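J.: Below is a structure I'd like to ask you about.
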Amino acid sequence: MSDLAIVEKLKAKFSPEIIDVVEFRGETTVTVKKEKIVDICTFMRDTGGYNLLCDLCSVDYLGQAPRYMVVYNLYNITTKERIRLKAPVEEQGAQIATVSTVWGTANWMERECWDLMGITFVGHPDPRRILMPEDWVGHPLRKDYPVQGPDREPYQGRLS
């Protein structure tokens, strides 16, 4: 099934949850509301054949609302097609449901995202740091994290 066909099926089933669909340079990105991320990812795996979560990461849009975007890069091993899902996450109470029940590979990727960006994955089976020491203060990939480390003042320069 092509990514355009799966997007149409996704729109038919989850139309209130679809925020935006962008096609750019042969890549399709679907932005969805975070509240149904598990259902949408399950649909993409079961109906669309996207059986591999290649990457899960996040983007910090400091100064904008919502501040964060969680990004899911999906791959269909059979058809060799890719699609990207994005879910906006607010700064206050930065959290989204875990998709580790959909793809086992999400386990460590979500831990990395929490460790470095501070986004909590609700329902995650092992929510502990994976890259930074357990006693580390803060999340070093946030744009307002002090460049010289947690004992320094946050960066006060230009944000964009």
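J.: Relative contact order for the chain: what percent, with Cα pairs under 8 Å and sequence separation of 6 or more?
T.: The normalised contact order for the chain reaches 17 percent.
J.: In a shell of Cβ-Cβ distance under 13 Å around Tyr50, excluding Tyr50 itself, what net charge do Lys and Arg (+1) and Asp and Glu (-1) give?
T.: Summing Lys and Arg as +1 and Asp and Glu as -1 gives +1.
J.: Counting just the Cα atoms, what span does segment 1-158 cover along each of its three principal axes? Round to the nearest Å and put the largest first.
T.: 51, 33, 26
J.: Using each residue's phi in segment 86-102, evaluate 6.51 cos²θ - 1.76 cosθ + 1.60 at θ = phi - 60° and report the 3J(HN,Hα) Karplus result to the nearest Hz, with x for Gly and Pro.
T.: Rounded to whole hertz, the list is 10, 9, x, 10, 5, 5, 5, x, 4, 8, 8, 5, 6, 10, 5, 7, 8.
J.: Structure shown: which of Lys33/Lys80; Lys34/Lys80; Lys9/Lys33; Lys36/Lys80; Lys36/Lys86; Lys80/Lys143 lie over 23 Å apart, alpha-carbon to alpha-carbon?
T.: With Cα atoms farther than 23 Å apart: Lys33/Lys80; Lys34/Lys80; Lys36/Lys80; Lys80/Lys143.
J.: Taking only DSSP H segments of four or more residues, each worth -39500 (n - 2.57), what value at 222 nm results for the chain once the sum is divided by all its residues, to the nearest 500 deg cm²/dmol?
T.: Here the helix-only value at 222 nm equals -6500 deg cm²/dmol.
J.: May I pose another question? Which peptide among 10-21, 25-36 comes first, and what is the full order, when sorted by highest mean count of other Cβ atoms within 10 Å?
T.: Highest mean packing first, the order is 25-36, 10-21.
J.: Charges at C-beta only: +1 for Lys and Arg, -1 for Asp and Glu. How large is the resulting dipole of the chain about its Cα centre, in Debye rounded to 20?
T.: With Lys and Arg at +1 and Asp and Glu at -1, about 340 debye.
J.: Could you give the angle, 0 to 90 degrees to the nearest 10, between helix 3-14's Cα long axis and the longest principal axis of the Cα atoms of the chain?
T.: Tilt relative to the chain: about 80 degrees.
Read the figures in this text as sums done on the coordinates, not as results from a lab. Predicted model only: the values in this text are computed from it and were never measured. A quick note on method: Cβ atoms are made from the backbone with ideal geometry, for glycine too, and the neighbour counts reach across all protein chains shown.
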